[in-house]
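Comments concern the structure below.
Coordinate-derived values only; no laboratory data. Worth saying up front: this structure is predicted, and the values here are computed from it rather than measured. Reconstructed Cβ throughout: ideal geometry from the backbone, glycine too, with neighbour counts over all protein chains shown.
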Amino acid sequence: MTLTIEKLSVKYGPVQILHEISFSHVKGEVLCIIGPNGSGKSTLIKTLAGILDPCEGTITLDKRDVSEISRNEVAKRIGYVPQDFQYLTSSTVLEAVILGRRPHVQWSLTRHDLAKVDTAMEMLNITSMAEKMLTEVSGGERQRVFIARAIAQEPDYFLFDEPTSALDIRHQIDVFQMIKNIAGSKNRSVLVAVHDLNFAYHYADRVILLDEGKIVSMGTVDEVMTEDNIISVYGVPMQFIKTDAGRYVLPDWKKAEERIPARPVNVM
Amino acid sequence: MLFALLFLLFLTFIYALNSGSYHLPFDRIFTILYQSVTNPGLLESTPSEKIVVIDFRLPRVLLAILTGISLAIAGCVMQALLRNPLVSPFTLGLSSAASFGAAMAIVFGGSIMPFIPPEFQNGVIILCAFLLGWLSILLIYGISRMKGSSSATLILAGVVIGYIFTAGVMILKYLTNDEKLREITLWLMGGMWGANWGAVVIVAPITLLCFLYLESLAWDLNTLSAGDDVAKNLGVNVNGLRIKGLLISTLAASACLAFTGIIGFIGLMGPHIGRMLIGNDNRYLIPCSALLGGLILLISDTAARTIMDPIEIPVGVIMYVIGGIFFMFLILRGKHRVIT
């Protein structure tokens, strides 16, 4: 079970966002995509999710080109959890999770579909809030709802686009543990675009470092998240710390502030 | 719930057939309906009853139900497609365009369609209203081809097109004589005056086919509520769905409006009440809205022709009153589930 991307290029109008991206993603792996704002992380995730069309290159699922597979079949294989949730405001938690069954149902939900929805909701511990409106639950709970929807979709590949960007540290850890669990115990592949380098450092099996739509480095955490790579891409001096409690990536504040001088701001 | 609404619609249907200046006992209504199907020859012995029930009231009642169904499903589907609970055939410029078509036909008469014989003058109004109604959605489609089919683009395009056609109607009203001005005003108020079996025979299959097609899109419409990106990932062809859904719902609405004139609020009230009764699932919401739309318009039309009997009030006026009160109720109720 492999998702293979070869020489993938994507344009927004005349502007090229991704340039000849190639990599493979295998079963049971958490692959984190890191890179500064505008590096193409979300574009890559959206292209793999079937939301954007590539202008060049191929995406193959188990050696089959996805452009030759029906939308519905691809939807059964690749699930997507977006970065923002401005929609579904008039839906209940249950209705939102049920949508994950869309690629599998013709008209009525079968017992099997409902069982999958129940299982997904139990996994994410949201069964008790099934009848609540999405506007009535917290940001962390809403994130769980959308992960449950992706689980109910039963894909082989999960794509997460900055899933913790609006969450506090407790919920960020919670979400990443779920992601690790999906890859580990469920034996699915997970691709996560992430801003916080510490999460990539701690949870990733492999890392892709993107800059200006190109892969700068790809490999294990230790291979990719080196001082040279991070400084050259982010332009910020970093410190890599290993303790008994874990591994950390922290900015070297003094050097960073010297490198990035404060801009004068006129407050009216 | 759907069966309860269907039963209620049936009761209202019988009541509406019985309402009017010419009184008949209820059992006689059933007998006339039964005989008209099984043995029409028997009705010739009571020609006045046949004329009142079969030739006048029945097509009118059926057209009211069909129009209510069409406008309600069009509103329901448009709201789902554009993820905006305040969208209706009116928001997207359809009614303004149909009004312009009708006003043109009234002002210029048969000269704009010389191939239609003078005795079918009314047909020119119907055809112009229908064609212009469709033109509005084709214009929106054209804009979406150039600028993308996001819901914001489509709504803005609809509003702009609506204003342009409204300006056209105003110019025609300003330039024409008093007699035609009155005719345009009456058409804009909407009513079931144009009801006859010919209208029912045209509108019924269009409504049925549009309903079945739109109902087949229900799962995709549900999925669209999660946003375009998630819907695409879940296998929905979002752009295709929006265009097909808008074209078919416009077909249903414009086919009815062409015969009845402008009837507002059904496309908003039907789906909103439906959501309160049955929730957001379009598989059930579309038929529920359809039944509610038919029911509301049938009650309104029956009230319009009996409330000041023998004077008939345009049903569009009744709908504006009911619609206004209904939306005031929604605002005061303040439930975000209904209007978000």
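Could you check what % of the DSSP bridge pairs in the protein assembly as shown are antiparallel, to the nearest 5?
Around 60 percent of the beta bridges assigned by DSSP in the protein assembly as shown are antiparallel ones.
Can you work out ³J(HN,Hα) from phi for every residue in the stretch B:73-78, in order, using Karplus 6.51 cos²θ - 1.76 cosθ + 1.60 and θ = phi - 60°, giving whole Hz and x for Gly and Pro?
5, 4, x, 4, 5, 4
Shielding by partners for A:141-154, please: the mean number of other protein chain Cβ atoms within 10 Å of each residue's Cβ. Before the final figure, lay out the partial values.
Working: counts 0, 0, 0, 0, 0, 2, 0, 0, 3, 3, 0, 0, 4, 0.
Mean number of neighbouring Cβ atoms from other chains: 1.
Under 16 Å Cα-Cα from A:LYS116, which aspartates and glutamates qualify once same-chain neighbours fewer than 8 residues away are excluded?
A:GLU95, A:GLU154, A:ASP156
Springs between alpha-carbon atoms under 10 Å, Gaussian network over chain B: tell me which of B:LEU217, B:LEU17, B:LEU94 tops the mean-square fluctuations.
Largest GNM mean-square fluctuation: B:LEU217.
Identify all aspartates and glutamates with a Cα-Cα distance to A:LYS63 below 14 Å; exclude those on the same chain that are fewer than 8 residues away in sequence.
A:GLU6
Comparing A:LYS254, A:LYS214, A:LYS46, which has the greatest mean-square fluctuation in the GNM of chain A with Cα pairs linked when under 10 Å apart?
A:LYS254
Rule-of-thumb check for the protein assembly as shown: C-alpha Rg over 2.2 N^0.38 Å? Could you put the intermediate results ahead of the total?
On the way: Rg = 29.9 Å, N = 608, 2.2 N^0.38 = 25.1 Å.
This ratio for the protein assembly as shown stands at 1.19.
For chain A, what is the calculated [θ] at 222 nm in deg cm²/dmol (nearest 500), taking -39500 (n - 2.57) for each run of four or more DSSP H residues and dividing by its residue count?
Numbers: 10 runs with 90 residues, N = 268.
So the calculated ellipticity at 222 nm is -9500 deg cm²/dmol.
Could you pull out the pairs from A:LYS27/B:LYS147; A:LYS46/B:LYS147; A:LYS27/A:LYS132; A:LYS7/A:LYS27 whose alpha carbons sit more than 28 Å apart here?
Violating the 28 Å Cα-Cα cut-off are A:LYS27/B:LYS147; A:LYS27/A:LYS132.
For chain B, what ratio Rg/Rh do Cα atoms give with a Kirkwood hydrodynamic radius?
Numbers: Rg = 20.3 Å, Rh = 20.7 Å.
When Rh is taken as the Kirkwood radius, the ratio is 0.98.
For peptide A:70-83, compute the average count of partner chain beta-carbon atoms within 10 Å of each residue's beta-carbon.
Numbers: counts 1, 6, 3, 1, 2, 7, 2, 0, 1, 3, 5, 2, 5, 1.
So the per-residue partner count for this stretch is 3.
222 nm [θ] for chain B, helices only, -39500 (n - 2.57) per DSSP H run of 4+, per residue, to 500? Spell out each step's value before the answer.
Details: 15 runs with 251 residues, N = 340.
Helix-only estimate at 222 nm: -24500 deg cm²/dmol.
Based on the alpha-carbon gyration tensor of the stretch A:2-259 and its eigenvalue square roots a ≥ b ≥ c, which shape applies: rounded if a/c is under 1.5, prolate if not and a/b is larger than b/c, or oblate? List each step's numbers first, then the result.
On the way: a/c = 1.92, a/b = 1.34, b/c = 1.43.
It comes out oblate by the Cα gyration axes.
Say each of A:TRP253 and B:ILE171 gets a label point 7 Å from the Cα, pointing the same way as Cα to Cβ; how far apart are those two points in nm?
6.8
What length, rounded to one decimal in nm, is gained on full extension from A:VAL265 through to A:LYS27, with 0.36 nm per residue of separation minus their alpha-carbon distance? Write out the running numbers ahead of the final one.
Details: separation 238, 0.36 × 238 = 85.68 nm, distance 4.94 nm.
Extra length available between A:VAL265 and A:LYS27 comes to 80.7 nm.
Helix B:197-216 against the longest principal axis of chain B: what's the angle in degrees, Cα atoms only, rounded to the nearest 10?
30
As I understand it, the value is the acute angle between the Cα axis of helix B:121-147 and the longest principal axis of the Cα atoms of chain B; what does it come to in degrees, rounded to 10?
10
Straight distance only, please: which lysines reach the Cα of A:LYS254 with their own Cα at less than 29 Å, same-chain residues fewer than 8 apart left out?
Counting by Cα, and skipping residues close in sequence, A:LYS254 has these lysines nearby: A:LYS41, A:LYS242.
Tilt of helix B:266-278 relative to the longest C-alpha principal axis of chain B, in degrees (0 to 90, nearest 10)?
Approximately 80 degrees, to the nearest ten.
How far, in nm, would the chain grow between B:SER36 and B:LEU86 when pulled straight, counting 0.36 nm per residue and subtracting the alpha carbon separation?
Details: separation 50, 0.36 × 50 = 18.00 nm, distance 4.22 nm.
This chain segment gains 13.8 nm when fully extended.
Which far-off residues, 5 or more places away or on another chain, put their amide H under 5 Å from the one on A:ASP252, with H placed in the peptide plane?
A:MET238, A:GLN239
Need one value for A:95-103: mean number of C-beta atoms belonging to other chains within 10 Å of its residues' C-beta atoms. Kindly include the intermediate steps, with their values, before the conclusion.
On the way: counts 6, 3, 0, 3, 9, 4, 2, 11, 6.
Mean partner shielding for this stretch: 5.
Can you give the charge dipole size of the stretch A:193-268 about its Cα centre, rounded to the nearest 20 debye, using +1 on the beta carbon of Lys and Arg and -1 on the beta carbon of Asp and Glu?
Numbers: 8 positive and 12 negative charges, 42 e Å.
Computed about the Cα centre, the dipole is about 200 debye.
Using a Gaussian network model of chain A with C-alpha springs under 10 Å, which one of A:ALA152, A:ALA204, A:ALA96 is most mobile by mean-square fluctuation?
Its mean-square fluctuation being the largest, the pick is A:ALA96.
Which whole-number percent gives the relative contact order of the stretch A:2-259, counting Cα pairs below 8 Å spaced six or more residues apart? Please report the intermediate quantities before stating the final value.
Details: 478 pairs, mean separation 64.1, N = 258.
That works out to 25 percent.
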